[in-house]
Amino acid sequence: MNNTRWPSADARSHLDADVVVVGGGIAGLYLLYRLRGLGLEALAFEAGSDVGGTWYWNRYPGCRCDVESLEYSYSFAGDLQQEWKWPERYGTQPEILRYVNHVADRFDLRRDIQFNTRVVSALFNRELKLWSVSTDRGEVIRAPFCVMATGNLSTPNRPNFPGLESFQGRWYHTGLWPHEGVDFTGLRVGIIGTGSSGIQSIPHIASQASHLYVFQRTANFTLPARNGPLDPVTERRHKAEYPARRKAAYETPFGISGYPPPTRSALEATGEERQAIYESKWAEGGQISFLYAFNDLLVNQASNDTAAEFVREKIRRTVNDPVVAELLAPKTHPIGTKRLILDTNYYETYNRDNVTLVDISESPIEEITPEGLRVASTNYTFDSIVFATGFDAMTGAMLDIDIQVEGGASMADAWQHGPKTYLGLMVAGFPNLFTITGPGSPGVKSQMILSIEQHVDFIAACLQHMRSRGMSQVEAEPAAEQAWVSHVKAVAESTLYPRADSWYMGANIPGKPLVFMPYVGGVDAYKKECDEVVADGYKGFSFAS
Ligand code: N01
């Protein structure tokens, strides 16, 4: 199949590619582009029928990015970022998918991707220094390197409610939405879940359904997105500054430029000052702007309480029924410690006659019935059920693949007490296997595409480093991994993040180890660390020829 240029010796006749890439989303595509640029032969497998990853699967009504369009895009090609026109402040799912397709076509990336193919296992042979990657079509592909570009929110979580098979209507998961769309006009619909997916889709479904029941286990904080057409002046200015802005983004905690870092505590401001600042952030829209109101909202409970109470007051003023408003007002976690959601008309939707909020915080859904579902002794009747119940985040996709080293560890064993990585890039004991924006990296707490590009660039540079020195194996050192895992934990514990039962903690999946998975020290600190590791001869990684 190939004429590899990798300078390894005996194993060459076994090779099908230099690198197997798992995933054809935003990470997989950029990785293919970079590997091709290095003259390496890469082959990607994608479970979906086309490119796009998260934007391919999540087609639910109202799906839209919560990072602004001018930021949420690739930076690697100057022409591309100048030419692409984003119609709105925040991209819709169809628009972002169109963009990803354009990138795949523009750089001719599809020819290295096999679609409709799920990778089921990956086995490393230390003697041959080869990964054998097996697919659900029975193929086995051998390559010295394997990169998991599997995404963090790609394994849908559908809670195991008894009785779903008996349901006589139709059910959907927001993360597996039918490509042809769903028309809820005139239907009675039940939606379970009030995370980003639920909160974005609820106003849209409510506008079609004859009645919508929302089953809420935990009230969540959401801010108005203030979406609208992209102002041409803003666009021109942003594009003119693109190179500098992209560079500056790496020097910010969330990987997004343009927000001056706050300098004082919420507790240093008077009540009036705080109110005025929160009001202006509320009017502006966007999470970072809001969380940047003061410098300690994510580390000081008393400061956080001021922001949380401001939002609760907004909910009370928006929602007509005071009982419903109080149920919608989050009280169980500090604001910002779960993904801070952006919405359009979410709280207003509860003023509609055809929307009912059902609080299931005390009394869970007991079962799905043929007609709908049951909570305690109350039966609800629907034509359709929507599961907006999220994902087995950050580890689900990796652990769905049986990853093993012959005669060594399995990933399932290595991660049985929670994921461990060195820099979110490699796992000790698994040579030549990279992860992109995995646990232990700031990926999910940042502008994802920026973090993806940084990881892919790191991996490409590492491969180039190895090739130029005739090295064929790279592995994270256990001590370096342990030190990084401890650091990730210590940083998380210095913040309020672990106080929420979030998917960052694995708390949404019954039985999953409760470990705070992302690195929340900021993109700026993280990138600096990675750069220092490289400058120090890939400190913490060991190489072999
Ligand atoms: O999933 P979630 P999501 N019984 O896990 C509830 C990104 N994203 O798909 O909070 C009843 O946040 C669960 O309740 P609780 C973004 O990073 C981005 O909405 O666990 N309810 C919760 O309400 C986001 O954070 C965008 O108590 C159950 C909901 O289901 C991430 O994806 C858009 C339940 C799940 O919320 C995931 O968001 C969409 C059960 N057994 C997603 N199990 C944008 O860019 C779960 N729930 C805008």
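The values are calculated or read from the model by the stated rules, or taken from the named source; none is laboratory data. Computed from a predicted model, the values in this text were never measured in an experiment. Using ideal geometry, Cβ is built from the backbone for each residue, glycine included, and neighbour counts are taken over all protein chains shown. Ligands, DNA and RNA are excluded from the accessible area calculation, which covers all protein heavy atoms including side chains. Shrake-Rupley method; radii C 1.70, N 1.55, O 1.52, S 1.80 Å.
Overview of results
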{"read-out": "Count of the stretch 259-281 residues which are over 16 Å from residue 304 (Cβ atoms) and aromatic (Phe, Trp, Tyr)", "value": "1"}
{"read-out": "Residue list for the stretch 154-166, filter: over 21 Å from residue 54 (Cβ atoms) and either among the aliphatic types (A, V, I, L, M) or near the ligand (Cβ under 10 Å from one of its atoms) (or both)", "value": "160, 161, 164"}
{"read-out": "Test: residue in the stretch 154-163 that is over 14 Å from residue 44 (Cα atoms) and not in a loop (DSSP other than H, G, I, E, B)", "value": "yes"}
{"read-out": "Positions within the stretch 369-412 being among the small types (Gly, Ala, Ser), closer than 30 Å to residue 131 by Cβ and within 16 Å of the ligand (Cβ to nearest atom), in sequence order", "value": "393, 396, 397"}
{"read-out": "Qualifying residue in the stretch 254-261 (condition: over 27 Å from the mean Cα position of the chain (by Cα) and free of Cβ contacts under 8 Å to residues at least 60 places away in the same chain)", "value": "no"}
{"read-out": "Residues (without any contact (Cβ under 8 Å) to a residue 12 or more places away in the chain and of a type in the set (Asp, Glu)) located in the stretch 507-545", "value": "531, 532, 536"}
{"read-out": "Enumeration of residues in the stretch 135-163 that are farther than 19 Å from residue 29 by Cα and either open to solvent by 30 Å² or more (accessible area, probe 1.4 Å) or among the charged types (D, E, K, R) (or both)", "value": "136, 137, 138, 139, 140, 142, 156, 158, 159, 160, 161, 162"}
{"read-out": "Any hit, the stretch 167-175, residues being out of contact with any Lys or Arg (no Cβ under 7 Å at 6 or more places or on another chain), within 16 Å of the ligand (Cβ to nearest atom) and in a helix (DSSP H, G or I)", "value": "yes"}
{"read-out": "Whichever residue in the stretch 486-504 is within 16 Å of the ligand (Cβ to nearest atom) and of a type in the set (Ser, Thr, Tyr) and, among such residues, is farthest from residue 514 (Cα to Cα)", "value": "497"}
{"read-out": "Flag for residue 274 being part of a helix (DSSP H, G or I), touching a Ser or Thr at 6+ places or on another chain (Cβ under 7 Å) and surrounded by 17 or more Cβ atoms within 10 Å (Cβ to Cβ)", "value": "yes"}
{"read-out": "Conditions (1) open to solvent by less than 20 Å² (accessible area, probe 1.4 Å); (2) at pLDDT below 95; number of the one not met by residue 545", "value": "(1)"}
{"read-out": "Complete set of residues in the stretch 483-499 that are of a type in the set (A, V, I, L, M, F, W, C), open to solvent by less than 30 Å² (accessible area, probe 1.4 Å) and under 22 Å from residue 151 (Cβ atoms)", "value": "484, 488, 492"}
{"read-out": "The listed residue being of a type outside the set (Ser, Thr, Tyr), farther than 30 Å from residue 22 by Cα and either within 16 Å of the ligand (Cβ to nearest atom) or outside any helix (DSSP H, G or I) (or both), out of 198, 138, 181, 190", "value": "190"}
{"read-out": "Any hit, the stretch 223-245, residues being at negative phi and surrounded by 23 or more Cβ atoms within 10 Å (Cβ to Cβ)", "value": "yes"}
{"read-out": "Close pairs (8 angstrom Cβ cut-off, 6 or more residues apart or separate chains): of a type in the set (D, E, K, R) in the stretch 95-107, open to solvent by 40 Å² or more (accessible area, probe 1.4 Å) anywhere", "value": "95/87; 95/88"}
